[in-house]
Amino acid sequence: MDAREQARWTRARLGHHGPPLDLLTARFARHEYAPHAHDEYTVGVTVGGLEVIAYRGGRIHSGPGSIVVLEPGEMHTGGPAAPEGYAYQALYADPALLADGTLGGLPHFREPVLDDPELAHALRAAHSDLARCPDPLEAESRVPWLLTALARRHSTARAACDTVPGADRLARTVRDRLADELLAPPSLASLAADLGLSRYQLLRAFRTTMGIPPYAWLAQYRVTRARTLLEAGLRPAEVATLVGFADQAHLTRWFRRVLGVTPAAYRNSVQDGAR
């Protein structure tokens, strides 16, 4: 198999019972797509090489760091524009995710290739994390937020006011629901509906008050709970299940982010100290 021809498809979900979100990680040196269109917005970031895309009667090029946005129903192709080929990460987003109650109609992108290094980096990071571990709450916390930012910064749709009245109270309500339903947290869509908000407004209120998105708050809360169980002598694999992580690898990823050590190292340390 040619190492320059690789494609991996991952399906995440926005919430445990929410709509699917498809992620593609690909590297091509020869493959050329046949003319086709998608029902969703295609949002991709080129991570290496050079791609050429036939789109809206012309040909566009995308190099490393460029964001490419292809609108639903628009016929297009794609292929390498240089001998070394190209690599990219793409997600396929339902049109409603780019509006989510904050824009006057569906966004239209006059320019399909965008230069926005900060947003490109954030899209790549979210894509990589979700392709590795497609956690539903993480997907729902990160992807709609980034897609709304994309639409607000680069589309012709008019953005509504960002202010969310009572943000502190709303954020505390969401925080308490997530803590109370640790093992099977409610989707942000259902929480938003209960509070009479759009999902973006809920995310805005939570981030403004807590400084981090809901999935990150819940992960840190789970780490706090995990520490108590590890100190009691439970094994990391047991603890991961008891605090709501998908598996031990997911627990380890977040434990190291928060505390700088693995759960096993932490358990051994506190157990040694107790002897």
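No value in this document is a laboratory result; all are computed from the given coordinates. Since the structure is predicted, the reported quantities are computational estimates derived from the model, not experimental observations. Positions of Cβ are generated from backbone atoms using ideal geometry, with glycine treated the same way; all protein chains shown enter the neighbour counts.
Some notes on this structure:
- Estimated FRET transfer efficiency when R0 is 35 angstrom, pair residue 228-residue 10 (beta carbons, to 0.05): 0.60
- Between residue 261 and residue 158, the modelled label-to-label distance comes to 5.7 nm, taking each label 7 Å out from Cα in the direction of the beta carbon.
- Compared with the dominant Cα axis of the chain, that is its longest principal axis, helix 199-210 is turned about 50°.
- Sorting the segments 72-80, 251-259, 55-63 by their mean number of nearby beta carbons within 10 angstrom, highest to lowest, gives 251-259, 72-80, 55-63.
- If only the Cβ of Lys and Arg carry +1 and only the Cβ of Asp and Glu carry -1, the dipole of the chain around its Cα centre is close to 740 debye.
- ³J(HN,Hα) computed for each position of segment 147-157 - Karplus, 6.51 cos²θ - 1.76 cosθ + 1.60, integer Hz, glycine/proline x: 5, 5, 4, 4, 5, 5, 7, 10, 9, 8, 5
- Computed from Cα atoms, the angle from the helix 167-180 axis to the main principal axis of the chain rounds to 60 degrees.
- Computed about the Cα centre, the dipole magnitude for segment 43-152 is approximately 220 debye when only Lys and Arg (+1) and Asp and Glu (-1) carry charge, each at its Cβ.
- Diffusion coefficient (Stokes-Einstein, Kirkwood radius over C-alpha pairs, 20 °C, 1.002 mPa s) for the chain: 106 µm²/s, rounded to a whole number.
- Between helix 263-274 and the chain there is an angle of about 20 degrees, using the helix long axis and the longest principal axis of the Cα atoms.
- Total formal charge among the other residues, if their Cβ is under 11 angstrom from that of residue 119, Lys/Arg +1 and Asp/Glu -1: 0
- Here the relative contact order of segment 167-211, from alpha carbon pairs under 8 Å that lie six or more residues apart, stands at 55 percent.
- Stokes-Einstein D in µm²/s, Kirkwood radius over Cα pairs - segment 1-138 at 37 °C with 0.692 mPa s viscosity: 211
- Using 0.36 nm per residue and subtracting the Cα-Cα separation, the extra length available between residue 82 and residue 177 on full extension is 29.1 nm.
- In the chain, a dipole from Cβ-located charges (positive for Lys and Arg, negative for Asp and Glu) runs towards its positive end, and of 80, 241, 190 it is 241 whose Cα lies farthest in that direction.
- Over segment 6-154, relative contact order from alpha-carbon pairs under 8 Å, at least 6 apart, %: 29
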